[in-house]
Every structure is written in C-alpha cells, then in structure tokens.
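Encoded as structure tokens, the structure appears first; notes follow it.
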Amino acid sequence: MTTITDPVIGSWYKDVENDLTFKVVAIDESNDDIEVQYMDGDIGEYDKDTWYSSTFDFVEAPEDWSAPFGEIESDDLGYSDPDTHTKPGQEDMDISDMLDK
C-alpha cells in the first residue's frame with residue numbers, strides 16, 4: 001500500500017508501517033520537502049517521492065494533539081474564552097442598571 005493522499009499543512013497522518021502519528025507542519029515547494037512533527041515532538045522530513053511511496057494514511061487529530069508542541073498557552077489553541085461571566089448579586093443591582101438609557 002502506498003500513500004494516495006497529498007500532504008496538507010496542519011493535517012495529521014499515521015505511518016501505518018511504523019505506527020507513527022505526525023502532523024505536517026511545512027511544505028517547501030522549491031525542493032519538494034515535507035516537514036512533519038511526530039507526537040513525541042521530534043521533527044522529520046520527507047521528500048515527495050518518499051511521501052508517495054510510504055504507507056501514510058490521513059487520521060483525525062489525536063486527543064492530546066498539543067503534546068508535541070510543548071507548553072503552549074490555552075489561547076493559542078483557538079478556543080479559549082478570556083471573558084468572565086458573573087451574575088451580579090441582588091444587593092449590587094439597581095433598577096437604573098436594567099433600564100435602557
């Protein structure tokens with residue numbers, strides 16, 4: 001079995017033969033290099049000939065996909081909500097706070 005899927009930056013793949021999961025992090029069109037980062041954080045590189053002759057298959061992002069990227073801030077993940085939503089206490093409310101001004 002050879003790879004039939006094209007490499008896409010940000011997509012996850014599994015090397016079926018070697019049981020390795022990795023993410024494509026860069027593609028250099030000028031010299032046909034595909035840079036990947038494995039789940040353990042190691043960086044690797046494939047040329048297009050090697051990519052298409054390997055046993056890579058598209059997979060969903062792993063549950064802990066941020067592991068290879070070390071310590072990243074939660075807002076870098078794209079889904080944080082820095083706003084705090086608190087309900088005011090009754091003693092802090094005034095009728096003028098509820099009226100349109």
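Out of segment 14-38, which residues are surrounded by 16 or more Cβ atoms within 10 Å (Cβ to Cβ) and in contact with a helix residue (DSSP H, G or I) (Cβ under 6 Å, 6 or more places away or on another chain)?
Hits for segment 14-38 are I34, Q37.
Which of the following residues is loosely packed, with under 10 Cβ neighbours inside 10 Å, modelled with pLDDT of 55 or more and not β-branched (V, I, T): K48, K87?
Numbers: K48 fails: loosely packed, with under 10 Cβ neighbours inside 10 Å.
Only one candidate passes the filter, namely K87.
Name the pairs whose Cβ atoms lie under 8 Å apart, with the first residue in segment 26-51 and at positive phi, the second in a strand (DSSP E or B) and not hydrophobic (A, V, I, L, M, F, W, C), and 6 or more positions between them or separate chains?
Partner pairs satisfying both residue conditions: D32/D47.
Scan segment 1-25 residue by residue and report those that are in a strand (DSSP E or B) and without any contact (Cβ under 8 Å) to a residue 24 or more places away in the chain.
L20, F22, V24, V25
How about segment 1-13: which of its residues are closer than 19 Å to S53 by Cβ and either touching a Pro at 6+ places or on another chain (Cβ under 9 Å) or surrounded by 16 or more Cβ atoms within 10 Å (Cβ to Cβ) (or both)?
T3, P7, Y13
Find the residue count for segment 31-45, including only residues that are modelled with pLDDT of 90 or more and over 14 Å from the mean Cα position of the chain (by Cα).
Residues flagged as modelled with pLDDT of 90 or more and over 14 Å from the mean Cα position of the chain (by Cα) within segment 31-45 amount to 7.
Give the residue that is farthest from the chain's Cα centre (by Cα), with candidates limited to residues of segment 51-83 that are aliphatic (A, V, I, L, M) and either under 15 Å from V25 (Cα atoms) or at pLDDT 90 or above (or both).
Of the residues in segment 51-83, the ones aliphatic (A, V, I, L, M) are 59, 61, 67, 72, 77.
Okay, now just the ones that are also either under 15 Å from V25 (Cα atoms) or at pLDDT 90 or above (or both), so 59, 61, 67.
On the way: V59: 12, A61: 7, A67: 10 Å.
That would be V59.
The values are calculated or read from the model by the stated rules, or taken from the named source; none is laboratory data. Values in this document were obtained by computation on a predicted structure and should not be read as measured data. For neighbour counting, all protein chains shown are included, and Cβ atoms are generated from backbone atoms with ideal geometry for every residue, glycine included.
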